[in-house]
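The values are calculated or read from the model by the stated rules, or taken from the named source; none is laboratory data. If you're wondering where the values come from, they're calculated on a predicted model, not measured in any experiment. FYI the Cβ positions are ideal-geometry reconstructions off the backbone, even for glycines, and counts take in every protein chain you see. Quick note on the areas: whole protein, heavy atoms, side chains included, nothing else; ligands and nucleic acids left out. Shrake-Rupley method; radii C 1.70, N 1.55, O 1.52, S 1.80 Å.
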Amino acid sequence: MTTTAVNRRSTQRGWASVGAIGALVVALAAGATTDAQAAGTLPPPNAQALRASISGLPNAQLTSAVVLVDGKDGRWSGTSGSGELATGRPVAADGRFRIGSISKVFTATVVLQLAAEQRVDLDGTIQQYLPGTLPASYPPITVRQLLNHTSGLPTGGNLGEDDGSARWFVDHEDESWTPQQVVAEAGSHPMQFQPGTAQQYNGLNYFLAGLLIEQVTGRSYTQEVNARILRPLGLHNTSVPAADDARLPRPTAHAYLTVTRPDGSTDQADVTEQSPWPWAEGGMISSAPDLDHFLSALLRGRLLPPAQQAELYSVPDVPNFKNRNCDIGPTTGRACFSTGLMRFSPSDGVVLWGKTGSRPGYTSGIFATRDATRELVYSLTPTSRNGASFAAQYGIASAAFDLAGH
């Protein structure tokens, strides 16, 4: 394992603009930073605890880990495990990985910027912006309801007849579906509930948000993300790969899935190269330093005007619908997603904001206090298609936010 020592200097950022959520939410329930602590009373990053949280890799569950903790009290960066099992190559702390549903935060930010420019009305309906895309039988669904997962849209069926196994993914890792195919397939199913009456985390919402961006701007989703976020922030290791580009340039670590053979034995299949078809919902690539910079800029209001910034912290007061990730603490049974982020409220007065992401072989997360005095970015390479375990994520979160001390 390699680490860099805690830097006591305050790090400054320049101006510019369903994964494994449940596991980390449960982890944060064990303790978290209060609003007062978010204002600056957290102790400096505990290097010893952070090193311990990612020690012992590779093992049967995880082949590598990259962790970055940043904020007013300093910066800590550490890696563990192997970046490539065949060669034993070390893990690159600034290498790229697949960020899965953290892509949704980029997508929501672009839509909110368009709202600030009065090119998108958050209370306008997606049927107005994308006529004929959804079945005529569906009720009106607002843009805001897409972004905060209160649309009630169906979660979709089973594209490619995926059985959820590692073996299926290894055999089909190059297959892809267009956003239009994803939306059309989901449209063959009934609504889950009336829009605005409940919240259910649903990737379909963000496929539609990506199509909305393209319809309103007349440019591709990739062009808009590049122009509005990546280039202004200088995020050179972050990208929206083309649908047919399965490569992962200079990966921080190769991704492996444990595959069971017909005779019951197992093997490690390299799935680093895979289709990025989840697109605006979950297809982006980034690095720990880039995500740290992006999260800092977003939370500090450098990407959005005040009215749209407020949307990041506006969680609808509706019931949670079949989404166990929100069932925790005093808000159990109620919504926990805002417009692009997730609110963690494991007990009264405790609030953190963040997002997790997962693609086969990769589990990642970004979390922070609202004022960005402490930020966490991590990337793990789990060998299970179900993603990284509760224990792995809990140890990192506990060390990053000093949970054991509360």
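Which ones in the range 340-357 are modelled with pLDDT under 95, within 14 Å of the chain's Cα centre (by Cα) and not basic (K, R)? Step through it out loud before you land on a result.
Just the residues of the range 340-357 that are modelled with pLDDT under 95, to begin with: 340, 342-357.
Then drop every residue that is not within 14 Å of the chain's Cα centre (by Cα), which leaves 340, 342-343, 353-357.
G340, M342, W353, G354, T356, G357 - these are the residues of the range 340-357 that are modelled with pLDDT under 95, within 14 Å of the chain's Cα centre (by Cα) and not basic (K, R).
Looking at the range 279-292, is at least one residue open to solvent by 20 Å² or more (accessible area, probe 1.4 Å) and either outside any helix (DSSP H, G or I) or under 18 Å from L147 (Cα atoms) (or both)? First the steps, then the outcome.
Going residue by residue through the range 279-292, those that are open to solvent by 20 Å² or more (accessible area, probe 1.4 Å) are 279, 281, 289.
If we keep only those that are either outside any helix (DSSP H, G or I) or under 18 Å from L147 (Cα atoms) (or both) too, we end up with 279, 281.
Scanning the range 279-292, I find at least one residue that is open to solvent by 20 Å² or more (accessible area, probe 1.4 Å) and either outside any helix (DSSP H, G or I) or under 18 Å from L147 (Cα atoms) (or both), so the answer is yes.
Every residue in the range 297-326 that is surrounded by fewer than 16 Cβ atoms within 10 Å (Cβ to Cβ), outside any loop (DSSP other than H, G, I, E, B) and within 19 Å of the chain's Cα centre (by Cα), please.
Correct list: R324 only.
Restricting attention to the range 130-148, report how many residues are under 23 Å from the mean Cα position of the chain (by Cα) and either open to solvent by 50 Å² or more (accessible area, probe 1.4 Å) or acidic (D, E) (or both). Don't jump to the end; show me each part of the working.
Our first condition is that a residue be under 23 Å from the mean Cα position of the chain (by Cα); within the range 130-148, this holds for 142-148.
Checking the rest, the ones that are also either open to solvent by 50 Å² or more (accessible area, probe 1.4 Å) or acidic (D, E) (or both) come to 144.
Adding up the residues that qualify gives 1.
Among (1) open to solvent by 10 Å² or more (accessible area, probe 1.4 Å); (2) small (G, A, S); (3) touching a strand residue (DSSP E or B) at 6+ places or on another chain (Cβ under 8 Å), there is one condition G218 misses while meeting the rest; what is its number?
G218 satisfies every listed condition except (3).
Conditions (1) closer than 29 Å to S296 by Cα; (2) under 24 Å from the mean Cα position of the chain (by Cα), marked per residue:
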{"position": "V111", "(1), (2)": "yes, yes"}
{"position": "G156", "(1), (2)": "no, yes"}
{"position": "D162", "(1), (2)": "no, yes"}
{"position": "H172", "(1), (2)": "no, yes"}
{"position": "A184", "(1), (2)": "no, no"}
{"position": "Q199", "(1), (2)": "yes, yes"}
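Which condition number does I126 fail, the rest of (1) within 16 Å of F207 (Cα to Cα); (2) surrounded by fewer than 17 Cβ atoms within 10 Å (Cβ to Cβ); (3) not charged (D, E, K, R) being met?
(2)
Starting from residues that are within 21 Å of A166 (Cα to Cα) and of a type outside the set (D, E, K, R), keep the ones in the range 230-250 and report whichever is surrounded by the most Cβ atoms within 10 Å (Cβ to Cβ).
By that ranking, first place goes to L248.
Considering only the range 202-225, I want to know if a residue exists there that is in contact with an Asp or Glu (Cβ under 7 Å, 6 or more places away or on another chain) and more than 20 Å from F106 (Cβ to Cβ).
Looking through the range 202-225, none of the residues is in contact with an Asp or Glu (Cβ under 7 Å, 6 or more places away or on another chain) and more than 20 Å from F106 (Cβ to Cβ).
Pull up the range 171-196, narrow it to residues that are among the polar types (S, T, N, Q) and surrounded by fewer than 14 Cβ atoms within 10 Å (Cβ to Cβ), then point me to the one that is modelled with the lowest pLDDT. Spell out how you get there, then give the answer.
Of the residues in the range 171-196, the ones among the polar types (S, T, N, Q) are 176, 178, 180-181, 188, 192, 194.
Still in the running and surrounded by fewer than 14 Cβ atoms within 10 Å (Cβ to Cβ): 178, 180-181, 188, 194.
Working: T178: 96, Q180: 95, Q181: 95, S188: 90, Q194: 98.
The residue in question is S188.
Within the range 56-63, can one find any residue that is over 19 Å from T252 (Cβ atoms), polar (S, T, N, Q) and out of contact with any helix residue (DSSP H, G or I) (no Cβ under 9 Å at 6 or more places or on another chain)? Please lay out each step first, then the result.
Initial filter on the range 56-63 (over 19 Å from T252 (Cβ atoms)): 60.
Those left that are additionally polar (S, T, N, Q): none.
Within the range 56-63 (the criterion being over 19 Å from T252 (Cβ atoms), polar (S, T, N, Q) and out of contact with any helix residue (DSSP H, G or I) (no Cβ under 9 Å at 6 or more places or on another chain)), the answer is no, since none of the residues qualifies.
Can you find even one residue in the range 331-351 that is part of a helix (DSSP H, G or I) and not aliphatic (A, V, I, L, M)? Break it down stepwise before answering.
Initial filter on the range 331-351 (part of a helix (DSSP H, G or I)): 331.
Next, only the ones that are not aliphatic (A, V, I, L, M) stay: 331.
Yes; the residues of the range 331-351 include at least one that is part of a helix (DSSP H, G or I) and not aliphatic (A, V, I, L, M).
Looking at this structure, is R96 closer than 30 Å to V69 by Cα, touching a helix residue (DSSP H, G or I) at 6+ places or on another chain (Cβ under 9 Å) and open to solvent by 40 Å² or more (accessible area, probe 1.4 Å)? Write out each step before concluding.
Values: closer than 30 Å to V69 by Cα: yes; touching a helix residue (DSSP H, G or I) at 6+ places or on another chain (Cβ under 9 Å): yes; open to solvent by 40 Å² or more (accessible area, probe 1.4 Å): yes.
Here the answer is yes, as R96 does meet what is asked.
Just to verify a result, which residue in the range 253-278, among those that are part of a loop (DSSP other than H, G, I, E, B) and at pLDDT below 95, is most open to solvent (accessible area, probe 1.4 Å)?
As a first pass, look at the range 253-278 and keep what is part of a loop (DSSP other than H, G, I, E, B): 253-255, 261-265, 271-278.
Still in the list and also at pLDDT below 95: 261-265.
Working: R261: 100, P262: 143, D263: 119, G264: 51, S265: 39 Å².
Across the range 253-278, the extreme among qualifying residues is P262.
Residues checked against (1) of a type in the set (D, E, K, R); (2) within 20 Å of the chain's Cα centre (by Cα):
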| site | (1), (2) |
| --- | --- |
| Q61 | no, no |
| S64 | no, yes |
| D73 | yes, no |
| W76 | no, no |
| G81 | no, no |
| E84 | yes, no |
| V91 | no, no |
| S101 | no, yes |
| A108 | no, yes |
